[in-house]
Amino acid sequence: MSIAPPQKHGPPSEPPRERRIALFGGTFDPIHIGHLAVARAAERRFHLDEIHFIPTGRPPHKHRRDMAAYADRYAMVALACADHPRFIASLAESGAGHSGKETFYSVDTVRHFKQKFPGVHLYFLLGADSFLDIPTWKDYETLLGLCDFIVASRPGFKSDTLRLVIPPELFARRGATHAPLDPRAIALRRTAIYVLDTVSSHVSATDVRHRLDTNESIHGLVPPRVEEYIKKQALYR
Ligand code: ATP
C-alpha cells in the first residue's frame, strides 16, 4: 500500500471563512412552512452554517392564554428541524427547568449567543411584521447594534417602511467604510439590515390554529411530522 506524500508546493490555502449563524425566534405556535421557507431562503442567500430556531418562553408581546405548552412548541420545532442538517432547535429561551414560563428578551438572547460563539457572524432573522414592532422591544436601539438583521418579507409589506422604525441616530454616516455591499441593505453604524424578499408566504400560525379549531385541513401548511404531532396530541382544538 502506498501513501501519497504530503504536497510541498500545493495551492495556497484560503483563509477559513467566518462561521455564520442566524437566530430565528418566535412563538412557533405551531411552526409552519412559512417559517421554514424563510429559513431556507436565508440559509441560501447568506450562506448560513446554522439557523437556531428559538421558541420563546412566555413572549413579552404576544401572550395568549391558549398558547400551546412550551414543551409542545419545542417538540414541533425539533420535528421540523430534524431533516435539515443546518436547522437547530434551541432551548435558549426555555428558562429554569425548561419550563418555558420565563420571559426572555431578544437583546439578552443575542448577547448570550455572542458570548457562546465568539468570532461568529451573527444574524437575527425575523419577519417584516415583527421588525416593524421593534420599537416596543426591550433596549431595541442596543439590539440593532449587536448583530446584523435579516428581515423576511411578508405579503403586503413595503420595504421602505423598515427605515421608519429606526432612530435616525443609528444610521451609518454617509460614506461610512463598513457600509454593506448589498445596495438595498440599510447600513447602521455598526450593523446592517438586509431584506429577504425572495419568499412571500401567506401562511401564519394564526391561520393554522384557526383551521384546526374549525376542523379544516392543515395539510401542506406544516411539515408532515408536525401535522402528525398536532393530531396525536390533539392540539389547538
Ligand atoms: P401568529 O400568526 O401566531 O402571530 P406567526 O405565524 O407570525 O404567528 P411566529 O412564531 O410569531 O409566527 O413567527 C416567528 C417569526 O417568523 C416572526 O418574526 C414572524 O414575523 C416570522 N414569520 C412567520 N410567518 C412568516 C411568513 N409567512 N413569512 C415571513 N415571516 C414569517
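What follows draws every value from the coordinates through simple rules; no lab data is involved. Note that the coordinates shown come from a computational prediction; the quantities given were computed from them, not determined experimentally. In this analysis, Cβ positions are derived from the backbone assuming ideal geometry, glycine residues included, and neighbour counts consider all displayed protein chains.
Laid out as a table, the results:
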| item | result |
| --- | --- |
| Highest average packing first - 45-52, 143-150, Cβ atoms within 10 Å | 143-150, 45-52 |
| Distance in nm between pseudo-label sites at residue 37 and residue 215 (7 Å out along the Cβ direction from Cα) | 2.9 |
| Full-stretch length increase - residue 111, residue 88 - with 0.36 nm per residue and alpha-carbon distance subtracted | 6.4 nm |
| Calculated FRET value between residue 173 and residue 225, using beta carbons and R₀ = 45 Å, to 0.05 | 0.40 |
| Two-site FRET efficiency, residue 64 against residue 164, from Cβ-Cβ distance with R₀ of 22 Å, rounded to 0.05 | 0.20 |
| Phi to ³J(HN,Hα) by Karplus 6.51 cos²θ - 1.76 cosθ + 1.60 over the stretch 96-103, Hz, x for Gly, Pro | 4, x, 6, 6, x, 9, 8, 8 |
| Along principal axes, Cα extents of the stretch 23-178, largest first, whole Å | 48, 36, 32 |
| Relative contact order %, the chain, counting alpha carbon pairs below 8 Å whose residues are six or more apart | 21 |
| The chain: calculated mean residue ellipticity at 222 nm from DSSP helix runs of at least 4, using -39500 (n - 2.57) | -8500 deg cm²/dmol |
